[in-house]
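Coordinate-derived values only; no laboratory data. Not measured: the values here are computed from a predicted model. So basically every Cβ, Gly included, is an ideal-geometry build from the backbone, and we count neighbours across all protein chains shown.
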Amino acid sequence: MNIFVCVKQVPDTETKITPTSDGSFIETASIKWIMNPYDEFAVEQALLIKTSNPAANVTVVRVGSVKDTEALRTAMAMGADDAALVEAGDNLDSYSIAKALKGAIEKTGKKPDIILAGKQAIDDDALQVPQILAQMLNLPSVSVIVGFELNGTTVKVKREVEGGALEVYEVNTPVVLACNKGLNTPRYASLPGIMKAKKKPMAQYSLADVGVSDADRRVKYSQFKLPPEKPAGKKFDATDAAKQKDVVAQVVGLLRTEAKVI
Amino acid sequence: MANVLVFTELHDGHVKPVTLEILGKLAGQTADVAVIGDIAADQVAELAKHGAQNVHKIKGANLDKYSPEGYANALSDFIKSKSYDYVFGGATSVGKDLLPRLATKFDAGLASDVTNFTMDGGVFAGTRPFFSGKCLAKVEITGPKPHFVSIRPNALGMTPNPTAGAGAAADAAGNAGEIRAMIKEIVKATSTKTDLTEANIIVTGGRAMKNAENFAILNQMADVLGATVGASRAAVDSGFAPHAMQVGQTGKTVAPSLYIACGVSGAIQHLAGMRTSKVIVAINTDPDAPIFTKADYGIVGDLFTIVPIMTEEFKKLLGK
């Protein structure tokens, strides 16, 4: 069984984002890069499948700049077998990324049975790549999954929709699945795992190697800027028990008379 | 002027509000609406009031419930039979899942989760958040047409006096084609509340809630206000609330009219997920909590005493 996991490297969630002076993207020099948090659930799910199917091979694939290869090394330290990296600039659109992932998967010569990815990357929050990749490979897909069961070649997954309702899907492999928080608890890489990961094979390609060019761009992003700051609000002290009721009544009154939201 | 198709979903037979937001903003373009299945006359009238010229009801076998492939097949056939420059939809659970697949059937681009846009000269140019709203960027679409756009619910707002359209409803044959990923069962949510991403009022609890049981006081306030209850990542990671309730960079990004944060410190990833709320109220014992920098109304005090008092005040105000 061939399992592929698509991962992205993104700025840590606590990062303060600063647009570049020309607005073409953000300052990336001092950013701490992490594996996209949703992708950790995808890697963990692949490793859980491998636990019950020891012959399975788990390949992690990433499209992005090569500044550091943290996300791929982390995935291999967690237990993935090998990796493929497609070198690309920042700020690529979803269509190009999906096409590059498809190219990298095909380069391995392995026919995918299950392709896992995070439901979204927390940099562009586009929520597109897994579904585009599925369509490009002519495969079924289920996104935002929070439950997974594999019986032979049939996968039963739970997809979370609005209000926390769950849609239960049954689908045969090969399939593309986009993972949400709640699916599993990602493991930490062990020290021996980290040592072993250094020796695991990592193929490296250019965008041209996987058949992607500028002509594949479908969406252009520009004029990155900070959102407008809100003016300072009003602050009330309600630490004194005697004043609490008056303060709360005043704020509730302002929500109607001033803010007009109630 | 552009020819635009707006894909709408129905919720309990009603058109999703985001569809009406989109139609209002498309004034000056020619806008049709497509729905899978049937739609009641009063809902067609509502669409017409907001500018819909034609309402296409796409009907066929295996389209009674959502499937990414079935919907994408039926809609792409329909779109190919017409000549639309743009296809719009809401960035809802279905929209987020369906539209990337549908756009790729045309090798076309999708600008997703757009929060504002213009159609100068019939050409789309949008704004969308990056890094959960820590910054914004301009988004444009290039390549083969039609171009696809998904719009975040609650972001555009309703157009006050929309220009009405003809609202001519007609059936169209839809072919679901081969469906490999099929819904076998739907497990209803225990809550009947509006989803966080579409809620008008949200009451959120943070780590200071201490446990899951204490969320009862937030539920009581939410019931009075018709609000949806959310939770910070700290509260979710501590097991006080399920991930479906999480607001922030690794949860849901929300934009309600009123956001009441109770015992939420205001970590940067949380602020990213709720900063576009129109009015923010924060209750926290720590006067230096970062949440107060984003709050329109900050109350320094203990949520366990403030929240019940506030619930009573809301009851009085709303005559409940």
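For the range A:73-112, the alpha-carbon coordinates run over 29, 24, 13 Å along the three principal axes, in decreasing order. Roughly how tilted is helix A:37-52, in degrees to the nearest 10 and between 0 and 90, from the longest Cα axis of chain A? Between helix and principal axis, roughly 40 degrees. Helix A:94-107: angle to the longest alpha-carbon principal axis of chain A, degrees 0 to 90, nearest 10? Between the helix axis and the principal axis of chain A, the angle is about 20 degrees.
Give the peptides A:245-255, A:207-217, B:232-242, B:76-86 in descending order of average Cβ contacts within 10 Å, highest first. Spell out each step's value before the answer.
Numbers: A:245-255: 18.6, A:207-217: 15.1, B:232-242: 20.5, B:76-86: 16.7.
Descending mean neighbour count gives B:232-242, A:245-255, B:76-86, A:207-217.
The loop-placed GluC sites (Glu not before Pro) in the range A:1-80, going by DSSP, that have at most 13 neighbouring Cβ atoms within 10 Å of their Cβ come out as A:14, A:27. Of the GluC sites (Glu not before Pro) found in the range A:148-255, those that fall in a DSSP loop while having at most 10 other beta-carbon atoms within 10 Å are A:229. Taking label points 7 Å from Cα along the Cα-to-Cβ direction, residue A:185 and residue B:38 give a separation of 4.9 nm.
Note on A:152-163: average number of Cβ atoms from other chains within 10 Å of each residue's Cβ is 5. Highest mean first, the peptides A:122-131, A:231-240 sorted by other C-beta atoms within 10 Å per residue fall in the order A:122-131, A:231-240.
Once each of the GluC sites (Glu not before Pro) sitting in a DSSP loop with at most 12 other beta-carbon atoms within 10 Å is removed, chain B keeps B:1-177 as its longest stretch.
Give, rounded to the nearest 20 debye, the magnitude of the charge dipole that the protein assembly as shown has about its Cα centre when Lys and Arg contribute +1 at Cβ and Asp and Glu contribute -1 at Cβ. Show your work: numbers first, answer last.
Numbers: 63 positive and 62 negative charges, 86 e Å.
With only Lys, Arg, Asp and Glu charged at Cβ, the dipole is about 420 debye.
Quantify how strongly other chains surround peptide B:77-84 by giving the mean number of their Cβ atoms within 10 Å of each of its Cβ atoms. Write down the numbers at each step before the final one.
Numbers: counts 0, 0, 0, 0, 0, 0, 0, 0.
Shielding by partners across B:77-84 averages 0.
With the charge dipole of the protein assembly as shown set up from +1 on Lys and Arg Cβ and -1 on Asp and Glu Cβ about the Cα centre, the Cα lying farthest toward the positive end among the listed residues B:117, B:204, A:58 is that of A:58.
By the combined test of axial Cα extent (at least 20 Å) and Kyte-Doolittle hydropathy (mean at least 0.0), the qualifying DSSP H helices of chain B come to B:303-318.
Please order A:68, B:223 by the number of other Cβ within 10 Å, starting at the fewest. Mind dumping the intermediate values first?
Values: A:68 10, B:223 15.
In increasing order of surrounding Cβ atoms, one gets A:68, B:223.
With respect to chain A, whose longest principal axis is taken over its alpha-carbon atoms, helix A:244-257 is tilted by about 80°. Each Cα pair of the protein assembly as shown feeds into the Kirkwood radius, which the Stokes-Einstein equation turns, at 4 °C and 1.567 mPa s, into a diffusion coefficient of 52 µm²/s. For a modelled paramagnetic label at residue A:198, 7 Å from Cα along Cα-to-Cβ, the residues of the range A:69-92 in reach, with backbone nitrogen under 20 Å, are A:69-84. Per residue of peptide B:274-287, the mean number of Cβ atoms on other chains within 10 Å of the residue Cβ is 3.
Exposure proxy shown here: for B:130, A:41, the number of other Cβ atoms within 10 Å sets the order, fewest to most, as B:130, A:41.
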